[in-house]
Amino acid sequence: MLTVWVVPGARSTEIVGFYGGALRVRVAAPPEHGRANTALIAHLSERLGVRVRLMSGAGSRRKRLLVPGLNVEVLSNRVDEIVD
């Protein structure tokens with residue numbers, strides 16, 4: 001599981017670091033009709049190299065994502081590598 005803090009409606013989609021124990025991601029898509037969630041999933045799936053799934057927080061800035069096939073150590077290393 002990966003906890004993410006999402007900032008929708010940003011100028012560009014990027015991973016910017018950590019906020020309150022969560023990976024902070026700015027998403028260019030607006031928060032309407034699930035577009036920000038879709039953009040978040042696509043971006044993190046591409047950057048992590050695995051298909052992530054939204055588990056909770058669909059209507060919130062704080063979300064929990066399932067990252068299948070990666071143990072905690074590997075996920076932690078990949079997150080450290082992708083922080084812009």
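The values are calculated or read from the model by the stated rules, or taken from the named source; none is laboratory data. Keep in mind the model is a prediction, meaning the values are calculated, not measured. Reconstructed Cβ throughout: ideal geometry from the backbone, glycine too, with neighbour counts over all protein chains shown.
Determine which member of the set 46, 32 is acidic (Asp, Glu) and over 11 Å from the mean Cα position of the chain (by Cα).
32
Kindly evaluate residue 34 against the criterion of being at pLDDT below 95 and more than 15 Å from residue 83 (Cβ to Cβ).
So residue 34 passes the test.
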